[in-house]
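First up is the structure itself, then whatever we jot down about it.
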Amino acid sequence: MVNQDDSFIREVNDELRSDQMRLVWKRFGRILIGIAVLVVLGTIGKVSYEYWRDSEASAAGDQFLAALTLAREGKKDEALAALTALEKDGFGSYPVLARMRSASLLAETDAQGAVNAFTAISKDTSVPEAVRDAARLRAAYLLVDTGTYEQVSAEAEQLATPQNALRHSAREVLGLSAFKHEDYARAKEWFDAIISDSESPRNVANRAQMLLDLIAASGKLSS
C-alpha cells in the first residue's frame with residue numbers, strides 16, 4: 001500500500017512539474033529561443049571576424065614582405081609605391097611598419113625628408129609609443145650628420161632617462177652629436193653615463209669607451 005501511495009505521489013509530482021514546464025515554456029519559450037539564436041549569431045560573427053582579420057593580416061603581411069623584397073632588389077621607387085599603398089590600405093600594424101620602412105628608404109637619398117617622416121611618426125598619437133620612440137631615435141641619428149646638437153637633443157634627450165629601454169642608444173647619439181660639434185665635455189658626460197650603466201649593451205659600451213679614450217688622448221679635456 002505504501003509503495004502504491006509513493007508511486008501515486010511521484011506521478012502527481014511529475015505531472016505538476018510537466019505542467020510547470022509547459023507554463024514556463026509558454027511564457028518564456030520565445031525569449032529562450034531568442035537568446036539561443038543570439039548566442040549562435042554571436043558565435044558565427046566572432047568566427048567570421050577572426051577569419052576576416054586573419055585573412056586581412058595575412059594579405060597585409062604578404063604586401064609588406066613583397067615591398068621589402070623590392071627594396072632589397074634595389075627597386076626603390078616600386079618599393080616606396082608598395083609601402084605607400086600599404087600605409088593607406090593595410091591592416092593591423094602593417095601601415096605603421098610601412099611608414100617606418102618608407103622613411104628608412106627615403107634616408108638613402110633625402111636625409112631631411114627622412115627626418116621629417118620619422119618626426120611625423122613620433123608625433124602621431126595613434127602610433128604605439130614604442131614605435132614613436134624608435135622613430136624619434138632614428139631621426140636623431142640622421143640629425144647627427146645634418147643637424148645641430150640642439151636638434152638631436154630635441155629628439156633623443158627625452159629617451160635618455162634611466163627608465164627608458166632606448167636610453168643606451170639615446171645616450172650614444174647625444175654623445176656622438178656633442179663629439180662631432182667638439183663639445184667634448186658634454187660628449188664625455190653621455191659616454192660616461194653609458195659606461196656607468198651596468199645594463200648597457202657591450203657593443204654600445206665599447207664604442208663609448210673608445211670615444212672616451214679619443215677624448216682623453218686629444219688633450220682637449222682634462223680627465
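Calculated FRET efficiency, Leu65 and Thr109, Cβ-Cβ r, R0 25 Å, to nearest 0.05?
Details: r = 23 Å, r/R0 = 0.93.
E between Leu65 and Thr109, to the nearest 0.05, is 0.60.
Over segment 155-217, what portion of Cα pair distances is larger than 12 Å, expressed as a whole percent? When all Cα pairs of segment 155-217 are counted, 62 percent exceed 12 Å.
Taking the radius of gyration and the Kirkwood hydrodynamic radius from Cα positions alone, what is the Rg/Rh ratio for segment 98-223, to two decimal places? Don't skip to the answer; put the middle values down first.
On the way: Rg = 14.9 Å, Rh = 14.9 Å.
Taking Rh as the inverse mean 1/r over Cα pairs, Rg/Rh reads 1.00.
Taking the Cβ of Lys180 as the centre, find all other residues whose Cβ is under 12 Å away and add up their charges (Lys, Arg: +1; Asp, Glu: -1). Please list the in-between numbers first.
Numbers: positive: Arg186; negative: Asp145, Glu182, Asp183.
So the surrounding residues net to -2.
With the cut-off at 1.5 for a/c, could you classify segment 53-163 from its C-alpha gyration tensor as rounded, prolate or oblate? The shape class here is oblate.
If I take every Cα pair under 8 Å that is 6 or more residues apart in segment 47-174, average their sequence separation and divide by the length, what percent do I get for the relative contact order?
Details: 137 pairs, mean separation 17.6, N = 128.
After rounding, I find 14 percent.
One quarter of the surface of the convex hull around the alpha-carbon atoms of segment 120-191 equals 4.4 nm², the direction-averaged projected area.
Report the gain in length on full extension from Ala85 to Ser196: 0.36 nm times residue separation, minus Cα-Cα distance, nm rounded to one decimal.
Numbers: separation 111, 0.36 × 111 = 39.96 nm, distance 4.53 nm.
Here the answer is 35.4 nm.
Subtracting the Cα-Cα distance from 0.36 nm times the residue separation, let me have the gained length for Lys76 to Lys180 in nm, one decimal.
Details: separation 104, 0.36 × 104 = 37.44 nm, distance 3.08 nm.
This chain segment gains 34.4 nm when fully extended.
For Asn203 and Glu157, calculate 0.36 nm times their separation in residues minus their Cα-Cα distance, and state this gained length in nm to one decimal. Value of the extension gain: 14.5 nm.
Any read-out appearing in this document is the output of simple, stated calculations on the displayed coordinates, not a laboratory observation. Computed from a predicted structure; not experimentally measured. Virtual Cβ from ideal backbone geometry, glycine too; neighbours counted across all protein chains shown.
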